[in-house]
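The values are calculated or read from the model by the stated rules, or taken from the named source; none is laboratory data. Just so it is clear, the structure is predicted and the values come from calculations on it, not from any experiment. Virtual Cβ from ideal backbone geometry, glycine too; neighbours counted across all protein chains shown.
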């Protein structure tokens with residue numbers, strides 16, 4: 001039962017006020033049809049709005065089922081409108097961009113009902129009002145009578161106790177009006193129906209009770225129930241439950257109806273997002289490529305230990321490896337004399353293999369435990385393990401897993417040793433040949449400033465001076481020590497095709513290959529009669545302070561004739577480069593933020609306009625029982641969805657631009673890339689997945705922040721003001 005006691009309503013207008021209702025005292029019981037009759041301006045609609053909780057009285061109080069509404073919170077009023085009241089408006093108050101099904105379903109979705117159940121109940125209700133066949137039409141595709149039946153279905157979907165109808169036949173022709181009135185009369189057999197009308201004929205033909213208003217006061221009541229005693233109970237606090245997934249769907253529907261405007265907003269934001277991703281990708285690409293270049297150019301360790309006497313290298317290495325900050329060692333043999341070769345017969349003379357790579361690989365394995373990054377050690381004489389640096393130089397990839405996928409079981413032809421076929425030429429002990437590279441792309445290790453133009457060093461058949469064995473025109477000459485630079489080349493001393501079975505984790509070895517045969521003992525016995533240096537590689541902590549390590553090694557090496565000194569570290573150079581790139585990236589990012597903020601301000605203005613445009617929609621949602629937080633979250637969710645779409649669009653733009661940019665750079669700056677990196681398949685823009693994720697998150701966050709103010713403004717609108725678009 002509903003009881004009104006001393007209800008007054010005054011509308012303030014500056015210093016004056018308008019009294020809309022004067023001392024209204026009414027009781028409404030269940031199961032009858034009540035008409036509130038009066039002329040325009042009599043206060044009948046104001047009274048209906050107060051009964052439905054759309055508006056509040058200036059004074060007096062209302063009791064609903066024993067609960068005093070003056071103590072109702074906003075949330076309790078929302079629950080009351082959703083569960084106990086069903087509204088039917090004169091102008092239908094349907095959301096135009098939602099289908100008939102979605103308009104009716106919206107009321108039940110506010111209760112947290114899942115999609116399937118909500119759809120089944122909605123279709124059943126539309127069947128009762130003979131509109132099931134129109135379920136997927138938009139309101140504008142229906143007649144006035146059909147629209148009002150949609151409104152009735154929406155009012156009934158939650159099975160409320162009271163139906164409030166504000167001039168439901170005001171915009172209908174006589175036939176449709178009669179049909180609607182019959183439906184309301186039928187409903188009144190089970191529920192309380194309170195209808196506002198100015199038509200006396202309708203009131204007297206259909207109503208069980210007629211309450212007439214004039215100038216805001218009750219002048220007649222055909223069946224009054226005054227002085228009915230009610231027992232006041234403590235309000236039972238309940239809440240509506242609009243699910244997040246339904247809010248997202250609602251937001252998507254709003255975006256869809258304004259798709260071009262939404263697209264332009266998203267595009268503006270996407271440009272900022274893609275710029276951020278591309279700047280990060282350029283920075284990342286430069287960093288990776290410069291790191292590769294520097295590591296090739298600055299090949300020495302962080303410390304160099306020179307031993308001026310014949311030593312067994314394992315003795316020195318055993319001392320070095322005990323230092324905590326040491327991560328690798330490379331041997332640089334220094335020979336007491338240079339060996340001469342005179343008229344070598346390459347078919348009868350033995351040829352040395354690339355012993356240094358074998359030795360350093362073995363030493364690094366002994367020092368650092370894990371011998372390989374992927375694959376396995378060679379177990380047959382036709383198998384080979386390549387170093388990480390060599391593998392990475394082939395494919396320009398940073399992930400060891402991706403490199404291994406491409407390199408696994410690949411065939412590589414290797415020449416591991418070299419003699420000159422011209423008399424009286426010095427032997428360069430650290431050279432090798434392999435023919436994996438393209439003829440037009442030199443290896444990373446090739447230094448044109450030392451060796452001269454790359455084209456001059458491609459070994460071709462016509463340059464072999466009657467050689468016994470042929471060498472492919474795409475084989476490449478590699479040499480690391482340039483004590484004496486050869487001008488002519490010998491035959492292929494030893495050729496074999498190897499199958500790649502693994503990648504060596506430690507990138508500090510000199511050469512690129514590890515075969516099944518070990519030459520450690522042979523190398524040790526060879527170096528015993530010479531002296532050499534040890535390149536020592538340190539952790540970042542060790543690089544920052546080498547003094548403790550040098551002091552410790554000096555103490556342990558007492559008795560040896562040695563000298564130890566610092567080297568320029570590629571790591572320090574790279575760290576400096578990273579700092580510089582980071583600063584540049586930060587400055588550019590600040591500039592990009594301005595563009596994103598500009599797009600965000602555009603979003604803010606459009607959302608503010610949207611609040612005004614959708615004021616009626618907000619009023620409908622509040623009338624159906626949506627809470628302020630529901631309305632606010634719908635707008636914020638809509639902003640977030642726009643941000644997400646902008647982020648995805650930005651990622652797509654970034655990848656398209658990066659692919660095109662890399663292709664153009666490879667083509668336009670081919671010669672430059674060849675001179676710097678000795679290859680053309682270089683990616684200048686390398687986009688990291690993490691950067692894309694971060695960019696999308698930032699975009700969503702910013703758009704939600706920009707949408708917060710309009711959302712708060714929308715949520716503060718009272719249901720009646722929103723419906724009136726005030």
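Things to note:
- Some residue of segment 75-90 being surrounded by fewer than 16 Cβ atoms within 10 Å (Cβ to Cβ), in the same structural domain as residue 47 (by TED's automatic domain parsing) and either more than 37 Å from the chain's Cα centre (by Cα) or not in a helix (DSSP H, G or I) (or both): no
- Residue, nearest to residue 65 (Cα to Cα), within segment 91-113, restricted to residues that are without any contact (Cβ under 8 Å) to a residue 40 or more places away in the chain and in a loop (DSSP other than H, G, I, E, B): 113
- Test: residue in segment 173-190 that is surrounded by 19 or more Cβ atoms within 10 Å (Cβ to Cβ) and over 15 Å from residue 33 (Cβ atoms): yes
- Residue check, residue 616 crowded, with 16+ Cβ neighbours inside 10 Å, out of contact with any helix residue (DSSP H, G or I) (no Cβ under 6 Å at 6 or more places or on another chain), free of Cβ contacts under 8 Å to residues at least 40 places away in the same chain and in a helix (DSSP H, G or I): no
- Residue in segment 647-662 that is modelled with pLDDT of 75 or more, on the phi < 0 side of the Ramachandran plot, crowded, with 18+ Cβ neighbours inside 10 Å and not in a helix (DSSP H, G or I) present: no
Rundown of residues vs (1) in a helix (DSSP H, G or I); (2) modelled with pLDDT under 50; (3) at positive phi; (4) assigned by TED's automatic domain parsing to the domain that holds residue 643, yes/no style:
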residue	(1), (2), (3), (4)
272	yes, no, no, yes
278	yes, no, no, yes
281	yes, no, no, yes
311	no, no, no, no
315	yes, no, no, no
348	no, yes, no, no
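- The C-beta contact set for segment 119-133 (first residue under 14 Å from residue 158 (Cα atoms) and in the same structural domain as residue 186 (by TED's automatic domain parsing), second residue at pLDDT 90 or above and in a loop (DSSP other than H, G, I, E, B), distance under 8 angstrom, 6+ apart or interchain) comprises 121/157; 122/135; 122/157; 123/135; 125/157; 126/135.
- In this structure, residue 552 qualifies as modelled with pLDDT of 75 or more and either outside the structural domain of residue 642 (by TED's automatic domain parsing) or exposed (fewer than 11 other Cβ atoms within 10 Å of the Cβ) (or both).
- In segment 122-143, residue farthest from residue 96 (Cα to Cα) [restricted to those that are surrounded by 15 or more Cβ atoms within 10 Å (Cβ to Cβ) and under 38 Å from the mean Cα position of the chain (by Cα)]: 122
- Restricting attention to segment 103-114, the residues being more than 17 Å from residue 159 (Cβ to Cβ) and surrounded by 21 or more Cβ atoms within 10 Å (Cβ to Cβ) number 1.
- Of all residues in segment 34-68, those being touching a helix residue (DSSP H, G or I) at 6+ places or on another chain (Cβ under 6 Å) and over 12 Å from residue 9 (Cα atoms) number 7.
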